Amino acid sequence: MSENADRVRGFYEGAATGPPDMDVFHDDVEFRMPEVLPHGGVIHGREALGSYFGEVVSRWDGFRAEQAA
């Protein structure tokens, strides 16, 4: 596997078991979620993305992230 694939896999594994490792993202990451979702929109920056994931996890009981096969 490539280094990037390993990083993505590690992110999903972390998100499934607790706080994910936000260091896998560049400081200037741009993360897009469909606008129709309750938490949809564009998130800019690693710190903002970490806050986004923290908010989503705190609002949704049983939240989990899984990597597609």
So, first residue on the phi > 0 side of the Ramachandran plot and surrounded by 14 or more Cβ atoms within 10 Å (Cβ to Cβ) in region 1-14, second residue modelled with pLDDT under 80 and assigned to a helix (DSSP H, G or I), Cβ within less than 8 Å, six or more apart or across chains; the pairs are none
Run Phe31 past the list (1) within 11 Å of the chain's Cα centre (by Cα); (2) open to solvent by less than 30 Å² (accessible area, probe 1.4 Å) and report the number of the one that doesn't hold.
-> (2)
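Provide a single number: the residues in region 23-49 that are under 18 Å from Arg7 (Cα atoms) and aliphatic (A, V, I, L, M). Show your work before the answer.
The initial filter retains those residues of region 23-49 that are under 18 Å from Arg7 (Cα atoms), namely 23-31, 45-47, 49.
Then drop every residue that is not aliphatic (A, V, I, L, M), which leaves 24, 29, 49.
So the count comes out to 3.
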Out of region 32-60, which residues are in a loop (DSSP other than H, G, I, E, B) and either under 13 Å from Ala15 (Cα atoms) or at pLDDT 75 or above (or both)?
-> Pro34, Glu35, Val36, Leu37, Pro38, His39, Gly40, Gly45
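The values are calculated or read from the model by the stated rules, or taken from the named source; none is laboratory data. What you are looking at is a predicted structure, and each value in this text was computed from that prediction instead of being measured. Positions of Cβ are generated from backbone atoms using ideal geometry, with glycine treated the same way; all protein chains shown enter the neighbour counts. The protein model used for the area step is the full one, side chains on, heavy atoms only, and it has no ligands, DNA or RNA in it. Shrake-Rupley method; radii C 1.70, N 1.55, O 1.52, S 1.80 Å.
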